[in-house]
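Okay, so here's the structure we're looking at.
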C-alpha cells in the first residue's frame, strides 16, 4: 500500500495523523475486501477501506464530511493505523475484538481457581486501578482509606490528560471527560449496588468539583456531559438512600452554594438540584423568595423574565413561582390573588385566557385578549398570537363582522408564515376589497416569507418573475421553476445563465463546481439552451483553464 497520503488534502491528513496518535482508531480488522475500523471522536464513525491488488480502490466513512464524497480525517487515521500494523505484521483477516474476547474467555475458564486467585492478587499489586476496582466491589466495608484511593483515581485521570500545569488541551479534552464520565459511572454504580449511598455521594461530589475547576479547553462541552452524569448520580442516590443521608445531602447542597466550590456556571447544577429534587418546605420557600426578587425587577416590562436552568433550559419565573405555590398547598383564592397582583405580565393573562377558553367563557377570553393586544403592543409576536386567538374565537361564535375585522388586522399587521389566514380573509371579501387587500399584502414586510407562494396562489406569474429577476435568489427560482418555465422559458433560462456566470467568478471548490454543472445541464433543457450552455463552457475553459477541478467537472458533465 503506497501513495495513499496523496489522496488527502494536507490539513485533513494532519488531523488524521493526530487522531491516529491519540489512539482514536478502534477495532481495526482485516476483511475479505480490505479493512474495517471504528474511529472515536466527537462521535463514533465507521470506516471501510476497500483494496485491490494492494491499492486503495474505495473508501467509506459515516461522518458528514465523507457524505459529500470527501476523503476525511477518519479515513486517514485508519490508514495510518493499517500502515503501522502491516509493518508489524500484527493484522490478519478476521482479527477483531469479538475473536479476542472469545479467546480470553476460553483461557480464563481453563485456569485453575487457586492459580487464578494468585494471578489476580499479583495483578492488583502491580496495577492501582485493578486494586481499586477489587476493593470497591469486594471490601467488607468502604472505609476512609478506600475513599482516598477512589479520589486518587480521579486525580490520576487529570494527571494523565493534563500537562505539567494541569491544563487539559483541546486534543485531550474529549478523551479526558469521557474517561472521567466512565470512571464515575463504574465506581459510583458499584458503591450504590452495595448500598454505600454516602460514599457514592462523596465520590460524585469529588468528580463534580474536579470537572468544575479543572483548567481545560472544553470546546466540545465534555465537562457538561460529566456534570449531567453527576446530577443523575445525585438523583439516584437521593431516591434510594436513607433519610439520614438525604438530610446530609440537603445540608451539603445548601452549604456549598455560592462558596466558589466550582466555577460559576457549574453552580447552576447544584442550585437546580436543590430546586427540582428536594421537596421540603424550607427549600421551596427559599426558592419562591428568590423568584419574587427576580419577578419584581421586571418593573417596566410585561415579560416576567426567565430563570436559567442548566438541566432544563429557560423556565418562566411566574410559572415556576405558581408551581411552587401549588406544591406548598396554597389555597386557590391566594393563587387567584397572585394572578391579579401580577396582571401586567403576559404569562398570567395567557393562563387566564386558556382557562376561560377551556371553560367556554369566550366573551371573557375576548376581553382579556383585546386588553393584552394593547398591554403587549411592543411585542409583535405576542400581539400576533392574541390576534390569531381572537380570529379563532370569533369564527367559533359566528361573529362575522368581528371575524372579518380581526382577520384583516392579523393578515395586514402581523407576520405571515403561511396562506391559511390570507385565504380566510379572501373568502369573506368582495372582489374589490380583495384587490385592495392583495396589493397591501404584497407590499407588506410582514408577508415577505410567503410572497411567492401567495403570488402563485393568485396566478401572478409575471409579477413573480419580475421579483425574481430583481433579487436573483436562485433557490426561489428553483422552487417555482416548473410553474414559470411553461410561461416564460427564455426569461427563466436567462436568470440561470446570469447566476452561473456570477457564481463561476467566486467559486473555488469542487463541490460548487459540480453544482454549476447541474445548472448548465438545466440550461440545456430550455429553448436555445444547448448553444448557450456550450458557449458558457467554452468561455470557462478560456477564463479558468488553471482551475483543474473545474475543467475536470466540465469534462465529467459532458461539456
Next item on the list: Tally the residues that are modelled with pLDDT of 75 or more, assigned to a helix (DSSP H, G or I) and under 17 Å from residue 188 (Cβ atoms), restricting the search to segment 120-145.
Entry: 5
Note to self: Return the residues of segment 216-247 that are under 24 Å from the mean Cα position of the chain (by Cα), surrounded by fewer than 17 Cβ atoms within 10 Å (Cβ to Cβ) and within 18 Å of residue 271 (Cβ to Cβ); say none if nothing qualifies.
What the structure shows: 224, 228, 232
Next item on the list: Output the helices (runs of 4 or more DSSP H) that fall wholly within segment 354-446 and possess 2 or more residues being closer than 30 Å to residue 342 by Cβ, or say none.
Entry: 362-375, 380-397, 400-413
Next item on the list: Among residues belonging to segment 70-92 that are in a loop (DSSP other than H, G, I, E, B) and modelled with pLDDT of 80 or more, point out the one that is surrounded by the fewest Cβ atoms within 10 Å (Cβ to Cβ).
Entry: 70
Checklist line | Single condition residue 489 does not satisfy, out of (1) surrounded by 14 or more Cβ atoms within 10 Å (Cβ to Cβ); (2) out of contact with any helix residue (DSSP H, G or I) (no Cβ under 6 Å at 6 or more places or on another chain); (3) under 28 Å from residue 409 (Cα atoms) | finding: (3)
Check: Can you name the condition, by its number, that residue 25 falls short on among (1) surrounded by 15 or more Cβ atoms within 10 Å (Cβ to Cβ); (2) free of Cβ contacts under 8 Å to residues at least 24 places away in the same chain?
Finding: (2)
Note to self: Given (1) within 37 Å of the chain's Cα centre (by Cα); (2) without any contact (Cβ under 8 Å) to a residue 24 or more places away in the chain; (3) under 30 Å from residue 496 (Cβ atoms), identify the lone condition not met by residue 460.
What the structure shows: (1)
Item checked: Count of residues meeting criterion [within 19 Å of residue 482 (Cβ to Cβ) and loosely packed, with under 14 Cβ neighbours inside 10 Å] in segment 510-520 -> 1
Item checked: Every residue from segment 396-420 that is closer than 27 Å to residue 348 by Cα and in contact (Cβ under 8 Å) with a residue 24 or more places away in the chain -> 396, 397, 403, 410, 411, 413, 414, 415, 416, 417
Next item on the list: Could you check how many residues of segment 180-201 are under 19 Å from residue 223 (Cα atoms) and crowded, with 18+ Cβ neighbours inside 10 Å?
Entry: 7
Next item on the list: Name every residue in segment 363-390 that is more than 35 Å from the chain's Cα centre (by Cα) and without any contact (Cβ under 8 Å) to a residue 40 or more places away in the chain, in order of residue number.
Entry: 363, 364, 365, 366, 367, 368, 369, 370, 371, 374, 390
Note to self: Suppose we keep only residues that are exposed (fewer than 11 other Cβ atoms within 10 Å of the Cβ) and part of a loop (DSSP other than H, G, I, E, B) within segment 93-119. Which one would you say is modelled with the highest pLDDT?
What the structure shows: 112
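The values are calculated or read from the model by the stated rules, or taken from the named source; none is laboratory data. Keep in mind it's a predicted model, so treat the numbers as computed, not measured. Virtual Cβ from ideal backbone geometry, glycine too; neighbours counted across all protein chains shown.
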